[in-house]
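This report concerns only the one structure given below.
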C-alpha cells in the first residue's frame, strides 16, 4: 500500500479551487490542502442536496468528515464553501481543545 499512497500524493496545482482553498493541489482521488496548522489530505463530493468533505492530517492523528445538507452547484456556493473550509480548519487544527 505505501506505493499506492505515494502515487496518490503525486499532485498537481488545482487552481480552480483557489477561491476556497488557495494553493490546493490534487492527486489521484485526494486533494492536498493548506490549513493554519499544516497540510491535510482529503476529498469532497457532491450530490443534489448534500456535500461531504473529509480531511486527515499527514500523520493521521486528526481527521474529520463533515456532511452538509446544502449544495449549490454555481457561483452562489462560494460563501458556503468558505464556511465549510473554515470549519475544516478549526477542527483539523483542534482550535477548540477537543
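The values are calculated or read from the model by the stated rules, or taken from the named source; none is laboratory data. Remember, it's a predicted structure, so these values are computed and weren't measured experimentally. So basically every Cβ, Gly included, is an ideal-geometry build from the backbone, and we count neighbours across all protein chains shown.
What tally of residues in region 3-35 results from selecting those that are assigned to a helix (DSSP H, G or I) and either modelled with pLDDT of 90 or more or under 28 Å from residue 80 (Cα atoms) (or both)?
8
Can you list residue pairs whose Cβ atoms sit under 8 Å apart, with the first residue in region 44-62 being closer than 16 Å to residue 17 by Cβ and the second being part of a loop (DSSP other than H, G, I, E, B)? Count only pairs 6 or more apart in sequence or on different chains.
46/71; 46/73; 51/70; 51/71
Restricting region 37-52 to residues that are farther than 18 Å from residue 9 by Cα and either in a strand (DSSP E or B) or under 13 Å from the mean Cα position of the chain (by Cα) (or both), which is modelled with the highest pLDDT?
Checking each candidate, the answer is 52.
What about residue 21, is it under 16 Å from residue 93 (Cβ atoms) and in contact (Cβ under 8 Å) with a residue 60 or more places away in the chain?
yes
Condition (residue is assigned to a strand (DSSP E or B) and either closer than 23 Å to residue 93 by Cα or free of Cβ contacts under 8 Å to residues at least 12 places away in the same chain (or both)) applied to region 68-80: is it met by at least one residue?
Yes, that holds for at least one residue.
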